[in-house]
Amino acid sequence: MTIQSEFEYEDLLSLWSDLESGLGVILTNPDSTQEFAHRVLQYDRWMQGLLQRDPDVALYLLFQLAGNSPVGYSASHSLVCAVLCHLMASELGISKPERDSLVHAALTMNIAMTTLQDALATQTEKPTIEQQDMIRAHTVKGSLMLSNLGVIDSLWLDIVSRHHDDTIDRADLRLAPPATRLTRILKVVDRYAAMISPRNSRTGRSATESARSILADKSDEVGHTLVRVVGLCPPGTYVRLDNDELAVVLRRSEQHNHPYVAIFGSANGQLNPNPRLHNTAERSPRIRAALAASSVRARLNHFHILRLGAYAAQQTPQ
């Protein structure tokens, strides 16, 4: 699917926003949510349905959201992580039951600190001692909360309880049990998504900086898979080309470091009201550097930019 009309764009944007808002409600008020585990499954199916329409458009909207505002951070972060885990599960050939446990864990991993996580995203000072204690306890507490809310999937609970466990970093994923493998995936995704998102105390990193950080261990299959799935510069992130023009990444290509982009800014800083589609895999200019969202002040018409993706989608295998 490609965006063909402004109504279609607004409808899709609304669906993603409603999904994020609904997720935020049940994570903030889990004790008031009837059949909590079933609601998580419903949001997962909703997410999968939206991804099937067009994964690149989904990534574009999510990375724009994650990179531009810390408001409602916890739900936004969980949704981005769930999407990335879903895409990685497909890439790695993970079975559906294990994929479900992984994605449901991603959606709920911070349930014990949802309100705190939102507050931390907007506060400028360092976490207090009390906040640090809550952060340290949130993995085990979150797993217990989920169990009390009716979650009976032991793998889901195990992933949540261990998603900050450093001992899994040393495990051989080829020989590791499912809980260790899946937790390692979530841990890497969690770290990557957190790095690109802004806080009031700091700006988000560029996508390339974040990718290089998780690729520091060259033997880490999970980090390499993540970059292979979303690219060094995922849809929705900003880049500077080697001729100094500014662009936003529009769609992935078969070459993870050469995506389709929409060029919207000239080398002298002028905004182009009619962005043009460019395939960096075929010709110059190439991408010189990724940019943090906070460094780009231009107000873009994302509907018009996503319409440029129609041609790119025809050229890119789905």
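No lab work stands behind these numbers, since they all come straight from the coordinates. As the structure is a computational prediction, the values presented were derived from the model and not from experiment. With ideal geometry, Cβ positions are generated from the backbone for all residues, glycine too; neighbour counts draw on all protein chains shown.
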Check your understanding: Spin-label point model (7 Å from Cα, Cβ direction): what's the Phe303 to Ala119 distance in nm?
Key -> 4.0 nm
Revision key, fill the gap. Those helices of the chain passing the 15 Å axial Cα length cut-off and the mean Kyte-Doolittle cut-off of 1.0 (DSSP H runs only) are 73-92
Exercise for review: Averaging over all projection directions, find the projected area of the Cα convex hull of region 238-315 and quote it in nm² with one decimal place.
Suggested key: 4.8 nm²
Practice item. Provide, for region 6-230, the number of lysine pairs with alpha carbons under 24 Å apart, each pair being eight or more places apart or on different chains. Key: 5
Study note, to complete from the structure: Using alpha-carbon positions, the gyration tensor of region 3-106 gives root eigenvalues a ≥ b ≥ c; with a/c under 1.5 called rounded, otherwise prolate if a/b exceeds b/c, else oblate, the class is oblate
Exercise for review: Take Val188, Val160, Val230 and order them by how many other Cβ atoms sit within 10 Å, fewest up front.
Suggested key: Val188, Val230, Val160
Study note, to complete from the structure: For region 117-172, shape from the Cα gyration tensor axes a ≥ b ≥ c, cut at a/c of 1.5 then a/b versus b/c, turns out oblate
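With r as the distance between the Cβ atoms of Asn148 and Ala176 and R0 = 30 Å, compute the FRET efficiency 1/(1 + (r/R0)^6) and round to 0.05.
0.60
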Point to revise | Residue-span extension gain [Asp220 to Glu8] - 0.36 nm each, minus C-alpha spacing | key: 72.4 nm
**Study point:** Most mobile of Arg307, Arg191, Arg299 in a GNM of the chain (Cα contacts under 10 Å)
**Key:** Arg299
Review point. Out of Thr139, Thr180, Thr124, any idea which swings most in a Gaussian network model of the chain, alpha carbons joined below 10 Å?
Key: Thr124
Revision key, fill the gap. When Trp46, Trp16, Trp156 are ranked with the fewest other C-beta atoms within 10 Å first, the list becomes Trp46, Trp16, Trp156
Study note, to complete from the structure: Note on region 6-230: alpha-carbon gyration tensor, axes a ≥ b ≥ c; rule is a/c under 1.5 for rounded, else prolate if a/b larger than b/c, else oblate; result rounded
Practice item. Set the Förster distance to 35 Å, then compute FRET efficiency between Ser95 and Gln270 from the Cβ-Cβ distance, nearest 0.05. Key: 0.10
Practice item. Within region 47-130, list the GluC sites (Glu not before Pro) lying in a DSSP loop whose Cβ has at most 12 other Cβ atoms in a 10 Å radius. Key: Glu125
Revision key, fill the gap. Fewest to most Cβ atoms within 10 Å: Asp166, Asp242 sort as Asp166, Asp242
